[in-house]
1. Search region A:221-252 for residues being of a type in the set (D, E, K, R) and more than 30 Å from A:ASP86 (Cα to Cα), and hand back the single one that is surrounded by the most Cβ atoms within 10 Å (Cβ to Cβ).
2. If I filter region A:67-83 down to residues being of a type in the set (Gly, Ala, Ser) and surrounded by fewer than 20 Cβ atoms within 10 Å (Cβ to Cβ), which single residue comes out as modelled with the lowest pLDDT?
3. Does region A:126-133 contain any residue that is in contact with a helix residue (DSSP H, G or I) (Cβ under 7 Å, 6 or more places away or on another chain) and of a type outside the set (Gly, Ala, Ser)?
4. Could you check A:ALA53 against (1) within 16 Å of DNA strand B (Cβ to nearest atom); (2) modelled with pLDDT of 95 or more; (3) not acidic (Asp, Glu) and say which number it fails?
5. Evaluate the following for A:PRO223: is it in contact with a strand residue (DSSP E or B) (Cβ under 6 Å, 6 or more places away or on another chain), under 24 Å from A:SER78 (Cβ atoms) and either part of a loop (DSSP other than H, G, I, E, B) or at pLDDT below 95 (or both)?
6. Evaluate region A:14-23: report whether one residue or more is in contact (Cβ under 8 Å) with a residue 12 or more places away in the chain and within 16 Å of DNA strand B (Cβ to nearest atom).
7. With respect to the numbered conditions (1) within 19 Å of the chain's Cα centre (by Cα); (2) among the small types (Gly, Ala, Ser); (3) at positive phi, which one is the sole condition not fulfilled by A:GLY180?
8. I'd like the full set of residues that are more than 16 Å from DNA strand C (Cβ to nearest atom) and small (Gly, Ala, Ser), limited to region A:39-60.
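The values are calculated or read from the model by the stated rules, or taken from the named source; none is laboratory data. Being a predicted model, the structure only gives us computed values, none of them experimental. Cβ placement follows ideal geometry from the backbone for every residue including glycine, while neighbour counts extend to all protein chains displayed.
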Amino acid sequence: MPELPEVETIRRDLSAGLIGRKIVGVTVNWPKMVQIPSPEAFKQRLTGQTISALDRRGKYLIFQLDSGEVLIIHLRMSGSLLLVRDAEADRYARAVFVLDDDSRLVFRDTRKLGVMWLVEDAEAVVGKLGPEPLDDAFTTRDFAGRLRRHKAPIKAVLLDQSAIAGIGNMYADESLFAAGIHPRRRACDLSNDEIQRLFSGLRRVLKQAIECCGASVSDYRRPGGARGTAQSAFRVAHQKGKPCPQCGTPIERIVIRQRGTCFCPRCQPEDKR
DNA sequence: CCCGGAACCTGAAGGC
DNA sequence: TGCCTTCAGGTTCCGG
C-alpha cells in the first residue's frame, strides 16, 4: 500500500522523466476515478499542458502544470504509476498520459480505488491534511499538541490524515514498535517521554523506508517496475506470529478501528509499566 | 464531536 | 480440485 515513503519514491523516480514534458494525449478507462472535473473536461484541459514540477503532500502526488492548474493523484490501496516507452496492453491500466517524448505515464490500479483531480488550487484537495512528519518545521511540541487533543487510540490518531499526513497502516505499526508504545493507548495519555520516542521513531522509520525506496508488500511497484525493499526491515508490520526481533515473543495481531494492527505484547505493554 | 460500520473494489488466501 | 467466503486497508460518508 502506498504510504508516504512509497509516494515519495514515486515522486523522485518520476521527476527526471516528467518535468518539462508536455502531455499530448490522455486516455481514461475508468471514469469514476476522476473526481474533478468531468472526465471529458479532464482530458481536454490536460492535453497540451507542460508539467513544470512534481510535488508530494502526504500520500498525494501533485503535478504542477504550466497553466497554473494542478493534477493530483492518490493511489489509495492498489494504484501504481509506471513510466513506459511502449504501448503494451494492460487490463489494469485505468488512465494513460502520453507525453511529447513518446513515453507514457500509466496509472495502473487493480482495485479501482485510486482517484485524481484537476483543479486550480491544490488546497481544495489537500488543505485539510495535518503537517508533514519529515518537514523541518514539524517539532515534538507540535506533535505533542496534536496528540493531546485526541482521546482515541494512538494507532487511530497516527492514521488520521488531518492529524499527521502520510502515515498508513504499515508505518503506524512500525513507529509504535520503535517507540515501545501499545497501539491501544489513548493519544492524550502518552507521557512527554513517550511522545518524544514516537516522534523520533516515526521520523526514523519513514526516512529509512524512503532510503529503501518504499515497501513492496502487494501491488506497489516503482515507476520503472522495480520493487522497494523496506518490507524486509519490518519488525512487526505483517509479522503476525513471528518472533519479536527484540525479545522473541510472538508478534500479535489485533483489530483497532477496523484496521489490522501488529505489535509485540512484551515490548509494547498496554499498561505502561 | 466521536465512534462504528459500510461502501468503494478485486485478487489472494482460507475453509470445507 | 473447486467453489464460496473472507480479508486486505485508504478514504469518505452515514447514522447513532
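1. Filtering region A:221-252 for residues of a type in the set (D, E, K, R) gives A:221-222, A:227, A:235, A:240, A:242, A:252.
Now narrow it down to the ones that are more than 30 Å from A:ASP86 (Cα to Cα): A:235, A:240, A:242, A:252.
Numbers: A:ARG235: 19, A:LYS240: 15, A:LYS242: 14, A:GLU252: 17.
In this case the residue turns out to be A:ARG235.
2. Looking only at region A:67-83, we keep the residues that are of a type in the set (Gly, Ala, Ser), and these are A:67-68, A:78-80.
Among the residues that remain, those that are also surrounded by fewer than 20 Cβ atoms within 10 Å (Cβ to Cβ) are: A:67-68, A:78.
Numbers: A:SER67: 96, A:GLY68: 96, A:SER78: 92.
Looking at the filtered set, the residue picked out is A:SER78.
3. Yes - at least one qualifying residue is present in region A:126-133.
4. (1)
5. Values: in contact with a strand residue (DSSP E or B) (Cβ under 6 Å, 6 or more places away or on another chain): yes; under 24 Å from A:SER78 (Cβ atoms): yes; either part of a loop (DSSP other than H, G, I, E, B) or at pLDDT below 95 (or both): yes.
The answer is yes for A:PRO223.
6. Of all residues in region A:14-23, those in contact (Cβ under 8 Å) with a residue 12 or more places away in the chain come to A:14-15, A:17-23.
Adding the requirement that they be within 16 Å of DNA strand B (Cβ to nearest atom) leaves none.
There is no residue in region A:14-23 that is in contact (Cβ under 8 Å) with a residue 12 or more places away in the chain and within 16 Å of DNA strand B (Cβ to nearest atom).
7. Going through (1) within 19 Å of the chain's Cα centre (by Cα); (2) among the small types (Gly, Ala, Ser); (3) at positive phi one by one, A:GLY180 breaks only (1).
8. Going residue by residue through region A:39-60, those that are more than 16 Å from DNA strand C (Cβ to nearest atom) are A:39-54.
Of everything in region A:39-60, those that are more than 16 Å from DNA strand C (Cβ to nearest atom) and small (Gly, Ala, Ser) turn out to be A:ALA41, A:GLY48, A:SER52, A:ALA53.
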